[in-house]
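Notes follow the structure.
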C-alpha cells in the first residue's frame, strides 16, 4: 500500500530514461566508431597509393642515378687522374666520397619533402582527437540531462 506522496514508479521511470539514453549513446558510439573505421580505411588506401607511387619513382630514379653516376664517376676519375697527374685510385676515392655526400644530402631533402607532403595519417589522428574531445563533452552533457 502506498502512502500519499510516495511515488514508487519514479525509480522505474528514471531507469527507463537512463536505459533510453544508454541505448542512444551506444548507437551513437557505434556510428561514430564505424565512421572512423571507414575514414581510416580510406586514408590507408590513399596512403598506400601514395607510397606505391613513391616507391616506383624512387626505384626508377635510383636505377638511373646508379647507372649515370657510375658512368660519370669512371669518366671523372679518368679525367682527373690525367689532368692532375695523380693516381686513378686516389681520384676514385675522392669522387666516391663526393657522391656519397651528394646522395646523403639528396636523400635527406627528399625525405623531408615527402614528410611535409604526406599528412594522411596525421590528419586522421588529429580528427580522432577532436572527436574524442567532442564525444567526452557529449557524454558528460547526456549524463547531466538524464
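Does residue 59 fit the bill of being part of a helix (DSSP H, G or I), at pLDDT 80 or above and more than 24 Å from residue 98 (Cα to Cα)? Step through it out loud before you land on a result.
Values: part of a helix (DSSP H, G or I): yes; at pLDDT 80 or above: yes; more than 24 Å from residue 98 (Cα to Cα): no.
No: the conditions fail for residue 59.
When each of 42, 71 is tested for being within 15 Å of the chain's Cα centre (by Cα), over 19 Å from residue 111 (Cα atoms) and without any contact (Cβ under 8 Å) to a residue 12 or more places away in the chain, the lone residue that passes is 42.
The values are calculated or read from the model by the stated rules, or taken from the named source; none is laboratory data. Everything numeric here is computed off the predicted structure, so don't read it as measured data. Please note: Cβ atoms are built from the backbone with ideal geometry, for glycine as well, and neighbour counts cover all protein chains shown.
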